[in-house]
Amino acid sequence: MASHRERDVRNAIHELLDVSGAFDGVYLSGLPEDRGERSGDRRAAVVEPEATTAADHWDDTTGAMVMTATAALTFLARDDDPQLRDEAVELLLNTAAAVLNGRSLADVTLPGSTRIRSWTWLKPNAPERRIVAKLAFQYLVEGWSGLDLSE
């Protein structure tokens with residue numbers, strides 16, 4: 001039976017972003033400086049869980065539930081030149097869209113529903129600029145109690 005753990009999906013997102021070569025660091029659950037650590041990253045991404053909803057289209061508990069989830073992807077670019085950092089963070093967003101959109105992540109998500117659906121430019125805080133994007137994806141869980149309980 002396929003795993004239905006969203007952490008596997010987030011780990012797959014992490015891996016795809018990391019191997020793209022566009023980032024100095026890709027993190028799960030916050031940047032190093034958010035944890036009191038030093039970070040020299042000029043180009044970084046953070047993958048964090050956001051929300052999930054379950055839907056079924058019938059009254060039968062034996063059919064598959066459609067789980068619709070979002071992950072927050074924060075992209076960060078640092079540069080003393082405001083225009084260059086804005087261009088760099090936009091390139092990070094576009095790179096993520098190119099490697100994530102339309103994929104089955106961790107062999108769990110439905111490719112047609114996996115895509116960056118929206119993003120927000122955060123106010124610049126020199127020397128950095130951040131974009132927070134919402135990556136949406138769907139997966140199926142067989143039955144109402146079919147979630148993966150393994151550690």
Peptides ranked, highest mean first, by Cβ atoms within 10 Å: ranges 97-108, 34-45 | 97-108, 34-45
Value of relative contact order over region 4-141, rounded to a whole percent, pairs C-alpha under 8 Å and six or more apart = 25
Summing +1 per Lys or Arg and -1 per Asp or Glu among the other residues with Cβ less than 13 Å from Ile116's Cβ gives +2
Counting DSSP beta bridges with both ends in region 4-141, the antiparallel % (nearest 5) = 90
Expressed in whole Å with the largest first, what are the equivalent ellipsoid semi-axes of the chain derived from the C-alpha gyration tensor as the square root of 5 times each eigenvalue?
-> 33, 15, 13
Quantify, in whole percent, the carbon and sulfur part of the accessible surface of the chain (1.4 Å probe; protein heavy atoms only).
-> 50
Could you please put Tyr27, Tyr139 in sequence from largest to smallest accessible area, using a 1.4 Å probe?
-> Tyr27, Tyr139
Mind listing the long-range amide H neighbours of Arg115? Cut-off is under 5 Å, sequence gap 5 or more, other chains count too, H placed in the peptide plane at 1.01 Å from N.
-> Gly102, Ala136
Mind giving me the FRET efficiency for Arg115 and Ser39? R0 is 22 Å, r the Cβ-Cβ distance, nearest 0.05 is fine.
-> 0.15
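The values are calculated or read from the model by the stated rules, or taken from the named source; none is laboratory data. Quick caveat, the model's predicted, so the values are computed rather than measured. Using ideal geometry, Cβ is built from the backbone for each residue, glycine included, and neighbour counts are taken over all protein chains shown. Note: accessible area is taken over every heavy atom of the protein model, side chains too, but ligands, DNA and RNA are not part of it. Shrake-Rupley method; radii C 1.70, N 1.55, O 1.52, S 1.80 Å.
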